[in-house]
Amino acid sequence: MTAVSSRKATSLSKAVKMRSGGSFSKPTKTAVKRIAGAAARHTEALKLRLEQITGLSFEDRDALERMDVDPLDEEDAPLNLPLPPGEESLFFSHAGGEEELCHEIFSEGDSGKRIDARTRRDRTLVRTQEWEAQREQLVDAYLAWMSGARPSLGTTDPWSIHCVDFFDCGPQQFFPRSESSLINVTLALQDYMGTAPVRPSVAIGFKALEAYRQLHRVCPRLSIQAQVRTLCYLQMVPVTTTLVNQFSIAFDMYLDILHHVDKRVNVPLRRNVASYRMLNACAPCLYKLQDEQQLSPALLVTMDGNQSLKLVDNQYRSGEALADTRTARTDLWISPAEVDRFKDEVQHAAEAAVTTELPPASSYVPSPGPSLAPGPSSALGPSAPGPSLAESAPGPFDDDAHSLPIDIAIDNEDNDNDWFDIDDPAPDDPTTVCVKRWRNAGPESRKKMFALFDITGVFVSLCRHGQCLAMCDMIRSGELMKYPLAIVNKLVDTYGGDIKIGYDIACAFSKVLRKSSIGAKVTALGVTGVVPAFHGHSHNRPCQAIEQFFGFWSEQKHAESGKFILDNYRQALTIIKDDTVVLDLLCKQLSIGHSDFERYLSDERKYYKSRRTEPPEIAMELDYVEALHRLKAAGFEAIAARDAADKLDVFIPVNMTNPRAAKTKHREINAVRTKARTAQARWETVQLEVLRREEQLEIVSRWQPGEPKYEEMARELKHRRYRQALDRLESLVVQRLFELTKLQLSGTGYKLREKIGKALKARAEAIRKALTEYNARAAELSPPRDALSWNDILDMSTLADFDLLRDTRQDIRSLPWAKPTHRRAMNLYFNIKRAREEIVRLDIEISRLFTYMVDEHYHYYDAIATSLLTDIPLAHELSRRWQYRQVTNSRIVQHLLQAMKLDGFTGKLEAGFRQGSARTRHSYIPLPSWARLESTPTMHTDLSDTATSIPGAVTEREEEVFVDFVDSLGEVDVGGLGEGLHADSSGVVPS
């Protein structure tokens, strides 16, 4: 190899040309080597050497090291060399994963990037802790910004950050107050929220976050992804998933700030006491006044589970579950640990039932049928007035109801079971009958949750005005008994006794409740249950979202409380006015009085209690007679088939000249012989069943037609078949009612509506077939029952109508209370009675609601005056909320004044004093504008419920939102003085 200068040497050469080869007939190679590239050439030589060593075995590597030929420098030698070829399985175990680990270890030294050993779970936990460390400063900054205070420019150098708002996007400069000021505090003072606790790269505007909070309030289906896409489209920038995560982090912290603002506001308002939210959830229900009439029941609530809030189990998610220690922060929420206190109550109830001595079969008393009095739907909602304790049928929580054994298969980890698996050996037991009726709704209603979900929904309790009173998560299960038990325990501990609870499975739940650990307490406090009218005819980040939803829900229900009272009052007065005219006419035609209706109801209850179930021995005898009938039919069929086989002319196919006709005739002969053989086999099968039943009943000689016992059971068998046809018809009607209800629910999608529509068509055809079967069975009875028509089925809106048809041992059609005209008159009578009770309750609720609003006005006024001296930003926040409440309360009073103008109004719009409070108010605090005499004429303006006067507003609710927004732009007049207030139907005046 020779070196040749690239040009004439005048100085030191920067590069030389290297020529190699040429000897022994080898080709000559020429390469230009620059002197300045020595380091690169060293790196390339090292790389080549490593490649050569990598291909050597362990022995060759040791030999090369001993030869000491061109050894590697110590600083150049890698810490770890790859395994020799063929030795890859040397360090592998049965568990696997070592190859990936080796690659990760070997590649650590090759990357110049710092390796972050923290997992996402660790980073989330650290981020949460860093947010918590600066939370109080962020709350101070947020309140300062809301109060309109502008931060003074600091002396430190400004810095810029990319800001995102609805109509602004780009870098902005911020001036921190001092070098020690936190970045997010500086941002919060100027209307922005950082997306990271320490070094945020993006800031989201408070207005954009609040806009999403309010949009999500009216449309919970609106996701953060949709909101971020909207912002990107407004700013005409590409949508990125990074911004979605950043917006989510900022929104979480924004909700946390609002929560702690609420906590600060609650202190001067004296709302920072235990269980304040539950004790004041609903003013008309819970704000009891001094010297008011005692209501019974004192509180009407309903409870049920909902499967819309599901959470997929972490074991079905990719990656590791994130560490998040945040929990629910409201006293309405019942923790899973508190719920699990009742997980074994069903098993205990079953064991208690098994150890209880059973009454004889003849003493079994089925449930009283649904009362002739109107259902309790209006007591739980605005549809109709509810029942009283005096006239309604014994509630499912009452002690006088029979407690039959519950045989429950424990099949989950909680030793609990949902109510659909209750299987009582008595077929006509009240629990079993109701459960069967619910099972008839189809498999989609069995509420069995897939193992896919960790949280399968929520179980909530609401008052009759729709306010949430208590709730808990349903975890890895359907609607188990432990959830309503925990809810009832929470309600009783907070509100005391005399509570009427509406629950769709109150009959099944009552048994477990009475035998549970809280059974004695519930019984002593007089907690009763009722099945609502609807059923009578038949988490970390998620925790924050749910809290927000129920917070908005509470505000909405309070704003609608005035309209609720107005609608119920108007409906009750209409029922009294219209139904009284019809009832008087019916009473005159039927020659009966109001006292007769109370007697009819008592007779009906006695009838239902006197009904006997089918004893086991009678059921076995009926099965035996039915088997005899099947044996007789199978015998006739076998004889006819054998006679047909004996009469066959097997020589016909042989004498036929047409092969195709002969083949057809041969198939016919085989079919006749097969039928004879199978008919004989069926007769033998039924014969074995008859023999088995004769052994069970110890029958010496087979019963024959004409014998007294046979004829008695034959008549009873007709009754059973009639009831079975009635049950089939009833189940189809119940399914139809459920599908019609689901079809009318808001939120039902187009595809689901299409499926329900097709199911209704199929259901109608099935109902027609079941109706035909029922009429045939009804005609076989002696005396025969009247046939039903399609219109009769459509008019059966409650299961009580089917119960009247069920008993065939006693013809009750001649009894007064069972006649259609008398039953109509009874319904009118009890409708009027429930309406009068509803008016009494509404009169009390009006006073409670008005007193609550007046007291709230005084509390806000006092809290604002106190905070002005110590915390001006907090005083501004209180003032802002007070102004909104004034607008809302003004709207409520308008509806209450409309109720006062109704013909027949008997209440008073007056402010009393809450139980436990002093009977005085501060005279220096002015009355609210909606409680002053001069505001009365403007409040008497008509509020149409059928049309809106604002263009673009479709419903009254949309009109109210717009009016509230416009009214909140101005100041609320608080002029005028007064110590107390009261009003009659002429208006509101200061006393």
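The values are calculated or read from the model by the stated rules, or taken from the named source; none is laboratory data. Since the structure is predicted, the reported quantities are computational estimates derived from the model, not experimental observations. FYI the Cβ positions are ideal-geometry reconstructions off the backbone, even for glycines, and counts take in every protein chain you see. Calculation scope for accessible area: heavy atoms of the full protein, side chains included, ligands and nucleic acids excluded. Shrake-Rupley method; radii C 1.70, N 1.55, O 1.52, S 1.80 Å.
So is ASN272 closer than 30 Å to LEU299 by Cα and open to solvent by less than 60 Å² (accessible area, probe 1.4 Å) or not? Criteria not met by ASN272.
Filtering region 573-602 to residues that are touching a His at 6+ places or on another chain (Cβ under 8 Å) and either on the phi > 0 side of the Ramachandran plot or in a helix (DSSP H, G or I) (or both) leaves CYS587, LEU590, TYR600. Checked against the criterion of being of a type outside the set (A, V, I, L, M, F, W, C), modelled with pLDDT of 90 or more and touching a Gly at 6+ places or on another chain (Cβ under 7 Å), region 198-213 contains one or more residues that satisfy it.
Across region 631-641, what is the number of residues that are in contact with a helix residue (DSSP H, G or I) (Cβ under 6 Å, 6 or more places away or on another chain) and either acidic (Asp, Glu) or surrounded by fewer than 17 Cβ atoms within 10 Å (Cβ to Cβ) (or both)? Explain how you work it out, then say what you get.
Taking region 631-641 first, the residues in contact with a helix residue (DSSP H, G or I) (Cβ under 6 Å, 6 or more places away or on another chain) are 631, 634-635, 637-638, 641.
Subset that is either acidic (Asp, Glu) or surrounded by fewer than 17 Cβ atoms within 10 Å (Cβ to Cβ) (or both): 635, 637.
So the count comes out to 2.
Return the total of residues in region 155-182 being assigned to a loop (DSSP other than H, G, I, E, B), surrounded by 15 or more Cβ atoms within 10 Å (Cβ to Cβ) and not hydrophobic (A, V, I, L, M, F, W, C). Number of matching residues: 4. For region 458-506, the set of residues classified as at positive phi and touching a Gly at 6+ places or on another chain (Cβ under 6 Å) consists of ASP498 only. Can you pull out the residues in region 258-286 that are part of a loop (DSSP other than H, G, I, E, B) and closer than 18 Å to GLN556 by Cα? Once the filter is applied, which keeps residues that are part of a loop (DSSP other than H, G, I, E, B) and closer than 18 Å to GLN556 by Cα, region 258-286 yields ASN280, ALA281, CYS282.
Being of a type outside the set (S, T, N, Q) and over 23 Å from ILE846 (Cα atoms): is that true of LYS500 here? For LYS500, the condition - of a type outside the set (S, T, N, Q) and over 23 Å from ILE846 (Cα atoms) - is not met. Count, please, the residues in region 691-709 that happen to be buried (at least 17 other Cβ atoms within 10 Å of the Cβ) and part of a helix (DSSP H, G or I). Residues flagged as buried (at least 17 other Cβ atoms within 10 Å of the Cβ) and part of a helix (DSSP H, G or I) within region 691-709 amount to 2.
Scanning region 720-733 for residues that are open to solvent by less than 30 Å² (accessible area, probe 1.4 Å) and touching a Ser or Thr at 6+ places or on another chain (Cβ under 8 Å) returns a single hit, TYR722.
Taking HIS857 as the residue in question, decide whether it is open to solvent by less than 10 Å² (accessible area, probe 1.4 Å) and of a type outside the set (D, E, K, R). Yes. Close contacts from region 505-529, counting a first residue that is within 17 Å of VAL339 (Cβ to Cβ) and of a type in the set (D, E, K, R) and a second that is open to solvent by less than 50 Å² (accessible area, probe 1.4 Å) and not in a loop (DSSP other than H, G, I, E, B), with Cβ to Cβ under 6 Å and a gap of 6+ residues or different chains, come to none at all. With respect to the conditions (1) farther than 30 Å from ALA619 by Cα; (2) modelled with pLDDT of 90 or more, ALA661 lacks only one, and its number is (2). Within region 837-853, residues that are under 16 Å from ILE575 (Cβ atoms) reach partners that are among the small types (Gly, Ala, Ser) and in a helix (DSSP H, G or I) with beta carbons closer than 7 Å, at six or more positions or on different chains, in the pairs GLU838/SER378; GLU838/ALA572; ILE839/ALA572. Here is a check on your reading of the model: is VAL202 in contact with a His (Cβ under 6 Å, 6 or more places away or on another chain), aliphatic (A, V, I, L, M) and surrounded by 15 or more Cβ atoms within 10 Å (Cβ to Cβ)? The answer is yes for VAL202. Flag: ARG570 matches the condition of being open to solvent by 20 Å² or more (accessible area, probe 1.4 Å), part of a helix (DSSP H, G or I) and at pLDDT 90 or above.
Scanning region 860-898 for residues being surrounded by 18 or more Cβ atoms within 10 Å (Cβ to Cβ) and of a type in the set (Val, Ile, Thr) gives a total of 5. Restricting attention to region 740-785, the residues that are at pLDDT below 75, of a type in the set (Ser, Thr, Tyr) and loosely packed, with under 12 Cβ neighbours inside 10 Å total 2. Residues in region 185-197 include at least one that is in a helix (DSSP H, G or I), closer than 22 Å to ASP252 by Cβ and in contact with a Lys or Arg (Cβ under 9 Å, 6 or more places away or on another chain). Residue-level check: of (1) assigned to a loop (DSSP other than H, G, I, E, B); (2) modelled with pLDDT under 90, HIS216 misses just (1).
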